[in-house]
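Undergrad: This is the structure I want to talk about, given as structure tokens.
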Amino acid sequence: MGEDERMVAMSPIGFTPDDSEDNKANEPENSQEFAAMMEEMQEKIREQFKNLGVSADFNPVGFINQFTQGLDSSGKSAEALPRNIVRDTAKKFVQAHGSAPIGANDVAQIEEALTLAELWLDQATYFPTSHSIPPASGNSLSRMDWVNTTLTGWQVLVEPLAAGLAAAIGTLLDSAMEAQAGESEESPLNIPVGALAGLLRSFIGSLIATQLGQSIGSLSAGMTGAHDVGLPLLDPAYPALVPQNINEWAKDLEIPMDEVRIFHALREASIARLFSHNPWLVSYIQSAITEYGKGIRIDIDAIQRQAQDAFESAQASGEFDPSNPESFKIALNNGIFTPEETPAQKSALTKLETVLALIDGWADEVSQIAAGERLPHSGALSETLRRRRATSAPAQQLFSSLFGLEVSPRLAREAKTFWAKILELSDIQTRDRIWGGFLPTADDLATPELFIASTTIPDDLSNL
């Protein structure tokens, strides 16, 4: 694969799709090159142990056990995205930021805000209150509660990405193992070839899990609710707020805390209603991520060019630690895996970006209608939210780090205007029933009149 065929854009996680006929034609050659590269990597690791005074035939148990735990009989990882790594990494970040415990006053204030929000939303949306009963943590969450409560949702959403990368490296390793099998049943480090394949599959999963854990942990310091990121993280969906973060959000605002709390309760409760009454949205978002993950392949040329430099750099700086997957993060973030997005993957990312904008814009519009004249500072709060989201939107942070996807604030504004125009042309029920049919595309956002006309059945069918 020539350099002129590569796309310039690179994402932090750096995945590469595989639909090129040229790439498929070069697969055997790539496999042999990868086998040679793996032997070189193994030799470097063996040299590290020799420098530590460990004999060359020593089996580095710490290095193997880090990645081979949970492997099935074939040596493949039983979990594409190790949940324990996601959880432990996220909690480290929460502990660094600090997580205040939930007190009795917090519970009472959040319950009051959500009660009012639910009452006001009855007049602003066609979707009724969700009757899902929250777990023991209730509707008030500490930052650590937020991580624990949303962890399963994150796992479900991002696992297809890890699975896609694991499948890509698995295909390549199968060929590499065949190339090595004729020479030796074991690697120079007494690592069976099958175990080596499992090690690398799990290694990739560990890298993604670490990065996801870092993202979740960082987000926990700013999320005002379980649905603040606009993703279906709770099953079943119910509203839950983070008092500590709401208090932080309101700092330097000369607005009563009661108003700020209700403002966030309106957004949280509205999105919870949306997901509760449109469960297919969960599958819709998951399918976009899965479609992207299926196109991932491994860029062998990039690995060969950068792997040696990454290892030497880590060794020189003292960052190389065979027992710690985070020490290898430099290799991932410096572009070992580079994206060459296919039309199908670009379509999947556009689909994801658009639905996130639609959710965010709908929540803004519904919350504004529900607040009405009841919240004197509603306009100022909405403007504060828009301004902060333009520079540090949670969905933008997350998907930029994981997918290289930039969720445009402009698109979110267009989505809000779209929903407002739909309501002007019809009514609340018609507006909200759009969620049960064909969702508007990014192009439809600019022409709500045409969209509503194309999806409305006329009363008089005589001309059809």
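The values are calculated or read from the model by the stated rules, or taken from the named source; none is laboratory data. The structure displayed is predicted, hence computed values, not measured ones. So basically every Cβ, Gly included, is an ideal-geometry build from the backbone, and we count neighbours across all protein chains shown.
Each row is one residue, and each column tells you yes or no for (1) of a type in the set (Val, Ile, Thr); (2) in a helix (DSSP H, G or I); (3) modelled with pLDDT of 90 or more.
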site: 188; (1), (2), (3): no, no, no
site: 201; (1), (2), (3): no, yes, no
site: 237; (1), (2), (3): no, no, yes
site: 261; (1), (2), (3): no, yes, yes
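Results for (1) modelled with pLDDT of 95 or more; (2) touching a Lys or Arg at 6+ places or on another chain (Cβ under 8 Å), shown as yes or no for each residue.
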position: 369; (1), (2): yes, no
position: 373; (1), (2): no, no
position: 383; (1), (2): no, no
position: 413; (1), (2): no, yes
position: 416; (1), (2): no, no
position: 432; (1), (2): yes, no
position: 443; (1), (2): no, no
position: 456; (1), (2): no, no
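Undergrad: Can you pull out the residues in region 224-235 that are acidic (Asp, Glu) and either within 14 Å of residue 151 (Cα to Cα) or not in a loop (DSSP other than H, G, I, E, B) (or both)?
TA: 235
Undergrad: Still on this structure, I have one more. Out of the residues in region 282-293 that are within 14 Å of residue 344 (Cα to Cα) and at pLDDT 75 or above, state the one that is nearest to the chain's Cα centre (by Cα).
TA: Here the answer is 289.
Undergrad: Inspect all residues belonging to region 131-154 and state whether any of them is farther than 30 Å from residue 211 by Cα, part of a helix (DSSP H, G or I) and over 27 Å from the mean Cα position of the chain (by Cα).
TA: So far as region 131-154 goes, no, none of its residues is farther than 30 Å from residue 211 by Cα, part of a helix (DSSP H, G or I) and over 27 Å from the mean Cα position of the chain (by Cα).
Undergrad: Which of the following residues is modelled with pLDDT under 85 and among the charged types (D, E, K, R): 122, 174?
TA: 174
Undergrad: Of all residues being part of a helix (DSSP H, G or I) and among the small types (Gly, Ala, Ser) in region 369-386, which is surrounded by the fewest Cβ atoms within 10 Å (Cβ to Cβ)? Just the residue, please.
TA: So, considering only residues that are part of a helix (DSSP H, G or I) and among the small types (Gly, Ala, Ser), the one surrounded by the fewest Cβ atoms within 10 Å (Cβ to Cβ) is 379.
Undergrad: Are any of the residues in region 80-97 in contact with a strand residue (DSSP E or B) (Cβ under 8 Å, 6 or more places away or on another chain) and either at pLDDT 50 or above or not hydroxyl-bearing (Ser, Thr, Tyr) (or both)?
TA: Within region 80-97, not a single residue is in contact with a strand residue (DSSP E or B) (Cβ under 8 Å, 6 or more places away or on another chain) and either at pLDDT 50 or above or not hydroxyl-bearing (Ser, Thr, Tyr) (or both).
Yes/no per residue for (1) under 23 Å from residue 259 (Cα atoms); (2) assigned by TED's automatic domain parsing to the domain that holds residue 238:
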{"position": "94", "(1), (2)": "no, no"}
{"position": "97", "(1), (2)": "no, no"}
{"position": "101", "(1), (2)": "yes, no"}
{"position": "104", "(1), (2)": "yes, no"}
{"position": "111", "(1), (2)": "yes, no"}
{"position": "116", "(1), (2)": "yes, no"}
{"position": "127", "(1), (2)": "no, yes"}
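Undergrad: Cβ contacts < 6 Å: first residue closer than 15 Å to residue 90 by Cβ, restricted to region 151-166; second residue part of a helix (DSSP H, G or I) and of a type in the set (S, T, N, Q), any location; separation 6+ or different chain. Result?
TA: Short answer, once both residue conditions are applied: none.
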